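The values are calculated or read from the model by the stated rules, or taken from the named source; none is laboratory data. Predicted model, so just to flag it, every value in this text is computed and none were measured. Counting neighbours? That spans all protein chains shown, and the Cβs are built from the backbone with ideal geometry, glycine included.
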Amino acid sequence: MSISKATVYDCLVIGAGLAGLIAARNLHRLGHNVLVIEAQERLGGRMYGKYLPSGQWIDQGGQWVGSTHARFLALLDEYGVRRFPTPGEGQKVLMFEGKRYEFNGFFQGLPEGERPSVSEEEWCDAMQAWNCFEALAKTLPPGHPQRNDQNQKLDSKTFAQWIEENTKTAFGSWYFAYMARAVGFLGPEEPNQVSLLHVLWGQNCAPQSEHPEAELLHGGAGQIPEKIAAELGDRIHLGEPVLRIIQDPATLTVETTKGRFTAQFAIVAMPPHLAGRIIYDPPMPSVREQLTQRVPMGCCAKLLISYERPFWREKGLAGIGLGNCQWIELCADSSDPETGVGVIATFVVGDRYRSWRPMSEDERRQAVLSDLVIYFGDQALSPSTYDEVDWPGEPWAGGGYAAFMPPGVWTSFGEALTAPVGLIYWAGTEMAARWPGFFEGAIQTGEETAEEISKLL
Ligand SMILES: Cc1cc2nc3c(=O)[nH]c(=O)nc-3n(C[C@H](O)[C@H](O)[C@H](O)COP(=O)(O)OP(=O)(O)OC[C@H]3O[C@@H](n4cnc5c(N)ncnc54)[C@H](O)[C@@H]3O)c2cc1C
């Protein structure tokens, strides 16, 4: 079917990230007339990747999938995308205050297996605080945090304040701060910027104990947007930012840099701060307007460094490093066993990012590689390729992995996060009640908004 601009679409989907593509695909499958409008010249938003000359793929956005990401796993099965366990055999490395600990366990959220041999006092401090943290998280009812007395108290504190009050050792304190700078739903950002309520809520709906980084995809996650888009054919416009949405009681008109489109409904599928940049006529209700001024994106650069082979395995290392090094607090082996190439995925986050980003390209690369040497040895200095993705500098993301809530936002403005406004519905991982900040959350909101709108058409 050829689509003319005179068409009144059933639904316009704004944003061709995972949430928008799923919403559009599902509406299209139900026989509705949809058009996706995307600002960038490419699909996928925070889900994109590329192939290196060696034949190895890298994901510049998200890459891992967890065993309870049911919707994402179903999507991978549907499109025949094969998975493999995230490489992790061998010793993990913890660097803390310049000391090196090798251990064979899992260490993000509640530790599993062997623990690093930091002192008993340090370990017990972290674990005791962890038990308090988990118990506090369990007192929250399911769903998005509502405004009530308990939540308002929790929302008035930063995660940093809670860490200060509940840990006694430098290690205990770092352990929780590291979580804020590593885990999906926390931005990532420094713990002094995140609401305690937000952290506790995320612990319930996106827990690390469910291993969200359990598997990787042969060919990478970046291949998926094209597969979904194939079903939509020419119902996707790329390179066409949406500027304005005008609603009257019966229809809405979307103005882009290239034209105008009319529809019965629209799904705005992007992080809240980008949704807030669109001009709305009539304007958004005040609580929604104020919300979108207050939901920042996480602050991280993603680095993908490839080597001829995963040399760290020859030393019995897993390729997983964590610790309070100058730049790199977390790095992970992301090598596809079918290519034989070694790939380390790593991040520079929060305050570290803000000191690192203004350096020259060469200095940034040296800084990252020097920290990898601390984790994995001198061979880390000689990569085959080095790729840097500056997420806060990406105009159509403004940060990554995802948005997070600073103190006071959930309880003062949270009600406006998902509430439709007239004919406009909101999708995107930030709106998800389960696995926000992950692909899984994006799919959930795409599916749910499509279902809601389909019932109204
Ligand atoms: C570095 C990094 C690592 C990550 N790692 C993982 C991981 O391992 N596993 C995991 O599950 N998740 C991970 N994530 C998170 C995951 O990538 C996101 O949750 C998911 O891709 C978000 O999809 P979305 O559709 O909600 O939003 P987006 O992908 O942000 O899509 C929004 C789209 O809207 C478009 N847009 C914005 N404004 C306009 C406008 N005015 N007009 C038209 N279009 C517009 C944007 O260009 C974009 O394409 C990671 C993210 C990053 C950045």
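Observations on the model:
- Pairing residues of segment 232-259 that are assigned to a loop (DSSP other than H, G, I, E, B) and among the charged types (D, E, K, R) with residues that are at pLDDT 95 or above and more than 14 Å from the ligand (Cβ to nearest atom), at Cβ distances under 6 Å and at least 6 apart in sequence or on separate chains, gives ARG235/VAL34.
- Close pairs from segment 292-309: first free of Cβ contacts under 8 Å to residues at least 24 places away in the same chain, partner within 14 Å of the ligand (Cβ to nearest atom) and of a type outside the set (A, V, I, L, M), Cβ under 7 Å, at least 6 apart: THR292/PRO272; THR292/HIS273; THR292/GLY276; GLN293/GLY276
Yes/no per residue for (1) buried (at least 21 other Cβ atoms within 10 Å of the Cβ); (2) in contact with a strand residue (DSSP E or B) (Cβ under 8 Å, 6 or more places away or on another chain); (3) closer than 21 Å to TYR401 by Cβ; (4) in the same structural domain as ASN192 (by TED's automatic domain parsing):
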| residue | (1), (2), (3), (4) |
| --- | --- |
| THR251 | no, yes, no, no |
| THR262 | no, yes, no, no |
| ALA266 | yes, yes, no, no |
| ALA269 | yes, yes, yes, no |
| GLY319 | yes, yes, yes, no |
| ALA345 | yes, yes, yes, no |
| GLY350 | yes, yes, yes, no |
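- For segment 111-123, a tally of residues being over 20 Å from ASP333 (Cα atoms), in contact with a helix residue (DSSP H, G or I) (Cβ under 9 Å, 6 or more places away or on another chain) and either exposed (fewer than 14 other Cβ atoms within 10 Å of the Cβ) or not assigned by TED's automatic domain parsing to the domain that holds ALA170 (or both) returns 3.
- Among residues of segment 6-40, those that are assigned to a loop (DSSP other than H, G, I, E, B) and within 10 Å of the ligand (Cβ to nearest atom), counted: 5
- The C-beta contact set for segment 394-419 (first residue under 16 Å from TYR353 (Cα atoms), second residue hydroxyl-bearing (Ser, Thr, Tyr) and outside any loop (DSSP other than H, G, I, E, B), distance under 6 angstrom, 6+ apart or interchain) comprises ALA402/THR429.
Conditions (1) outside the structural domain of GLY377 (by TED's automatic domain parsing); (2) buried (at least 17 other Cβ atoms within 10 Å of the Cβ); (3) in contact (Cβ under 8 Å) with a residue 60 or more places away in the chain; (4) under 29 Å from GLY319 (Cβ atoms), marked per residue:
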{"site": "GLU38", "(1), (2), (3), (4)": "yes, yes, yes, no"}
{"site": "GLY62", "(1), (2), (3), (4)": "yes, yes, yes, yes"}
{"site": "GLY66", "(1), (2), (3), (4)": "yes, yes, yes, yes"}
{"site": "ALA70", "(1), (2), (3), (4)": "yes, no, yes, yes"}
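- Some residue of segment 370-390 being under 15 Å from the mean Cα position of the chain (by Cα), touching a residue at least 60 places away in the same chain (Cβ under 8 Å), within 16 Å of the ligand (Cβ to nearest atom) and within 22 Å of CYS325 (Cβ to Cβ): yes
- Answer residue from segment 407-457, given it is assigned to a loop (DSSP other than H, G, I, E, B) and within 11 Å of the ligand (Cβ to nearest atom) and is surrounded by the most Cβ atoms within 10 Å (Cβ to Cβ) among those: GLY428
- Test result for LYS153, in contact (Cβ under 8 Å) with a residue 12 or more places away in the chain and surrounded by fewer than 18 Cβ atoms within 10 Å (Cβ to Cβ): no
- Evaluation of GLU448 against (1) over 24 Å from TRP174 (Cα atoms); (2) assigned by TED's automatic domain parsing to the domain that holds LEU30; (3) touching a residue at least 24 places away in the same chain (Cβ under 8 Å) (one fails), failing number: (3)
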